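Visitor: Below is one structure. I have some questions about it.
The values are calculated or read from the model by the stated rules, or taken from the named source; none is laboratory data. None of these values were measured; they are calculated from a predicted model. For neighbour counting, all protein chains shown are included, and Cβ atoms are generated from backbone atoms with ideal geometry for every residue, glycine included. When the accessible area is computed, the model is the full protein with side chains, heavy atoms only, and any ligands, DNA or RNA have been set aside. Shrake-Rupley method; radii C 1.70, N 1.55, O 1.52, S 1.80 Å.
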Amino acid sequence: MIINTELEQKGNTFPSKIVSYTKDVDTLVFTTENDVALQIQILRDSVLRFRYSTTGIFSPDFSYAITKYASTGYNQLEIEEAENSYIITTSKLICKVSKANLKVELYDSKDQTLINQDELGFHWEESYEFGGDIVKMSKVSQEGESYYGLGDKPNHLNLKGRRYENWVTDSYAFGKDTDPIYKAIPFYTGLINKKAYGVFFDNTFRSYFDFAQERRNVTSFWAQGGEMNYYFFYGPKMTDVVEAYTDLTGKPHQLPPLWALGFHQCKWSYYPESKVKEITSKFRELQIPCDAIYLDIDYMEGFRCFTWNKEYFPDPKRMVKELEKEGFKTVAIIDPGIKVDKDYWVYQEGLENDYFCKRADGPYMKGKVWPGECYFPDFTNPEVREWWSGLFKELIEDIGIKGVWNDMNEPAVMEVPNKTFPDDVRHDYEGNRCSHRKAHNIYGMQMARATYQGLKKFSYPKRPFVITRAAYSGTQRYTSTWTGDNVANWEHLWVANIQVQRMAMSGFSFAGSDIGGFAEQPHGELFARWIQLGVFHPFFRVHSSGHHGDQEPWTFDEDVTEIVKKFIELRYQLLPYFYTTFWHYVEKGTPMVKSLVMFDQEDSHTHYRTDEFVFGEHILGCPILEPNAKGRRMYLPRGKWYNFWTDTVVRGGKEMWVDADIDSMPIFIKEGAIVPKYPVQQYVGEKVIDEVVLDVYYKKGKEDSQFFDDSHDGYDYTKGRFCLRTFKLTGRDNQLIIQQHKEGSFETEYKKFKIQIHGLPFEITNIELDNESKPLEHLKVNGCQTIVVDESFTELDLSGKE
Ligand code: GLC
């Protein structure tokens, strides 16, 4: 055999010993004898950035993931040179860099425990196939370490023992083990000795993560190009880690309009107009709440974006207006592929302005999608995004579409084996021109961003609503998302639950699945169980391919319709609670859905749980994932919980059986919680709400709850016109005190709270409201311990005898 020794793979190459070091304010650079440079930037006491270069020179620093609003600043930064290492100390972390080989160790600065340590550390391999380097990092996986996050991976919540790839991929009818699928979110949280840290590998090339699969004591990540560039976040609380990652990659730029948290009905496709109306009328006739109706690709003329099929929809503006009168917001799909058609204005504009992606040797990138042969805008060019956002003017401003659904933006290409563009396609990448290998994972994100910018402009003064299928880290700033083309079976219900939890711990809370399953047809029971789970998903939409039958709430038997209605009504009652949870997400990056491990990481029983989750601060849900179930075993986290349906109080920290026949689902409320509820409405804004229910769950001890409200749309809340209530509950054997503190200048339309007290262990004999004693009858105490008070009360003190 003849071997060309010149081309022989060199294999892994490693940094050698440090020969110099510089410091510039918050940035340190270590250089090795073989010209490797490690730049460590201290962003916050608990957030460090590690960047490596194999040539000693760094390329221009640019990332689509990082938001300009990210917090920076630290309290402490000390650098010390020890015999074998450099030691960087902040108020949260100690980072040691080995002089011999650039390997890094990270410790908790309070108790000096080891959090994370390089195994081989940074190394690289020259790639003859691609040119450039494959950049690699391997870290020690400690005994008992667990891993979470990584976007939409449809497998066990704990990533340990598995290997994953990040390459955004159209994945029709994906399965539990399919990888990669639609999203690339190269961020994970590690949990070791009950302490959590996070790693965000901000590299958009095809990347891989191995969580102690290949070698039991090693976790590694690598990419087929670009830089080894990662951020390290230290908790020690998991929520702190996810919040810090979300702060860096961006919280949603604004709250969604409240209607977007209502129920959405979708199908591929509702057309013509009469069909759309038939569906929306049926919702109102059956009094099943619904806020949004979707138009899939058939509303267009030959699948040409920004056009209408005039046969199916002769007067879209009128239709949208009529739907709006009934409380329906119309959401329309827009895909990236622009039909190659010389008589089509969008195609013409794109061509004239040179906005379409091209192959390396010059011709346009041509690919088949729904309309046939298409060209694709280069959304990585700011000028193209500007143009694209402008295309929404008519749809939004004139026709009155309220939301836009971006699909196929991986970008998906049909009839080619790799399902997307060839690697050589060129992209502008904000002036840092590159190939598709680098731009692929952010293409969909930039499309959603351009769409968002259009909606933001043309929906003003209302808030925009966008939904995307493809995403990279940071996409949560602009849009909501769904989990793509799932399948109507029980396993996919399990997958949907995992994916939404996983997305939430990957900084992207505004997510949901195609309820009922996109491909194939669910049985009524599966549909009902899926709706029950969907109630607790921030994005709550039924969608199906339509090839296998209908999937509206009334297409199964009457019992199913009743159950679905009951649960959608529950969603509408809980809207103020969901909205408050969303506000926490927008304010602090707090995940809306918390897996049990995130809720109580100190309890190691939670580390491998998959099904149970806590929505917001106080509501625990657990879907039924099997047919013919009358209930299920589940793990209740530590603390005391009220069964939502029966008010029975149970002590958690154990696995237990919970009854939940088909018309029920295990739901528990944390003791001490105060949960605000609206009356059932058929759509957001249907009713003038003159009274809000506060469900108060007695606890012996203290608990805080918040309730955020505003005008449910528009931007006034950013100027202080919101109403944030903090309730402090204090319970004793024969006393319950609720204090309210109000912030913000928004006047709610409701003037009363109906306080419903659950689990009170004593009989009320005395009521004091704002330090005034009130006669019992005056405050309408009745058998159900219900008290009506003015919304501005500051203290309610109930006492009595046991
Ligand atoms: C893709 C989408 C799906 C949509 C269909 C037609 O499969 O994932 O949601 O209905 O395309 O537009």
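Visitor: Looking for something out of contact with any Cys (no Cβ under 8 Å at 6 or more places or on another chain), open to solvent by 20 Å² or more (accessible area, probe 1.4 Å) and on the phi > 0 side of the Ramachandran plot - is there at least one such residue anywhere in the stretch 653-669?
Guide: The answer is yes; a qualifying residue exists.
Visitor: Can you name every one of the strands (runs of 3 or more DSSP E) wholly within the stretch 651-700 that holds 1 or more residues which are among the hydroxyl-bearing types (Ser, Thr, Tyr)?
Guide: 691-697
Visitor: Restricting the search to the stretch 82-104, which residues are in contact (Cβ under 8 Å) with a residue 60 or more places away in the chain, over 20 Å from residue 248 (Cα atoms) and of a type in the set (D, E, K, R)?
Guide: Listed by number, the list holds a single entry, 99.
Visitor: Are any of the residues in the stretch 65-77 within 30 Å of residue 478 (Cα to Cα) and assigned to a strand (DSSP E or B)?
Guide: Checking the stretch 65-77: at least one residue is within 30 Å of residue 478 (Cα to Cα) and assigned to a strand (DSSP E or B).
Visitor: If residue 209 passes every condition in (1) free of Cβ contacts under 8 Å to residues at least 60 places away in the same chain; (2) of a type in the set (A, V, I, L, M, F, W, C); (3) open to solvent by 10 Å² or more (accessible area, probe 1.4 Å) but one, which one does it miss?
Guide: (3)
Visitor: Here is a list of conditions, (1) within 26 Å of residue 450 (Cβ to Cβ); (2) more than 16 Å from the ligand (Cβ to nearest atom); (3) touching a Ser or Thr at 6+ places or on another chain (Cβ under 9 Å), and residue 286 meets all of them except one; can you say which number that is?
Guide: Residue 286 satisfies every listed condition except (1).
Visitor: Hey, among the residues in the stretch 522-548 that are open to solvent by 10 Å² or more (accessible area, probe 1.4 Å) and within 15 Å of the ligand (Cβ to nearest atom), which one's modelled with the highest pLDDT?
Guide: Only one residue fits best here, namely 546.
Visitor: Looking at 152, 170, 202, 177 in this structure, which one is without any contact (Cβ under 8 Å) to a residue 40 or more places away in the chain and either of a type outside the set (Val, Ile, Thr) or surrounded by fewer than 21 Cβ atoms within 10 Å (Cβ to Cβ) (or both)?
Guide: After applying the criteria, what remains is 177.
Visitor: Residues 80, 105: which one is over 24 Å from residue 54 (Cβ atoms), open to solvent by 50 Å² or more (accessible area, probe 1.4 Å) and part of a strand (DSSP E or B)?
Guide: 80
Visitor: Those residues that are open to solvent by 10 Å² or more (accessible area, probe 1.4 Å) and within 16 Å of the ligand (Cβ to nearest atom), I need them from the stretch 431-478; list them, please.
Guide: none
Residue-wise test of (1) surrounded by fewer than 21 Cβ atoms within 10 Å (Cβ to Cβ); (2) assigned to a helix (DSSP H, G or I); (3) within 16 Å of the ligand (Cβ to nearest atom).
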position: 327; (1), (2), (3): no, no, no
position: 330; (1), (2), (3): no, no, yes
position: 336; (1), (2), (3): no, no, yes
position: 342; (1), (2), (3): yes, no, no
position: 346; (1), (2), (3): yes, yes, no
position: 349; (1), (2), (3): yes, yes, no
position: 354; (1), (2), (3): yes, no, no
position: 361; (1), (2), (3): yes, no, no
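Visitor: Do you know which residues across the stretch 462-477 are in a loop (DSSP other than H, G, I, E, B) and over 17 Å from residue 251 (Cβ atoms)?
Guide: 462, 469, 470 - these are the residues of the stretch 462-477 that are in a loop (DSSP other than H, G, I, E, B) and over 17 Å from residue 251 (Cβ atoms).
Visitor: Something else about it: Based on this model, can you work out whether residue 736 counts as modelled with pLDDT of 95 or more and more than 34 Å from the chain's Cα centre (by Cα)?
Guide: yes
Visitor: Further question: Would you check if residue 269 is open to solvent by 10 Å² or more (accessible area, probe 1.4 Å) and away from the ligand (no atom under 16 Å from the Cβ)?
Guide: no
Visitor: Still on this structure, I have one more. With of a type in the set (Phe, Trp, Tyr), closer than 25 Å to residue 531 by Cα and touching a helix residue (DSSP H, G or I) at 6+ places or on another chain (Cβ under 7 Å) as the only criterion, which of 306, 283, 200, 263 stands out?
Guide: Answer to the check: 263.
Visitor: Here is a list of conditions, (1) farther than 30 Å from residue 426 by Cβ; (2) touching a Cys at 6+ places or on another chain (Cβ under 6 Å), and residue 337 meets all of them except one; can you say which number that is?
Guide: With (1) farther than 30 Å from residue 426 by Cβ; (2) touching a Cys at 6+ places or on another chain (Cβ under 6 Å) applied to residue 337, the lone miss is (1).
Visitor: Residue under question is residue 183, and the condition is that it be open to solvent by 10 Å² or more (accessible area, probe 1.4 Å) and among the charged types (D, E, K, R); does it hold?
Guide: For residue 183, the condition - open to solvent by 10 Å² or more (accessible area, probe 1.4 Å) and among the charged types (D, E, K, R) - is not met.
Visitor: Residue under question is residue 384, and the condition is that it be buried (at least 22 other Cβ atoms within 10 Å of the Cβ), modelled with pLDDT of 95 or more and within 16 Å of the ligand (Cβ to nearest atom); does it hold?
Guide: No.
Visitor: Now a separate question. Can you tell me which of (1) open to solvent by less than 40 Å² (accessible area, probe 1.4 Å); (2) assigned to a loop (DSSP other than H, G, I, E, B) is the one residue 641 doesn't meet?
Guide: Unmet condition: (2).
Visitor: Can you name the residue in the stretch 398-427 that is among the charged types (D, E, K, R) and either within 14 Å of residue 451 (Cα to Cα) or surrounded by 24 or more Cβ atoms within 10 Å (Cβ to Cβ) (or both) and, of all such residues, is farthest from the ligand (Cβ to nearest atom)?
Guide: 402
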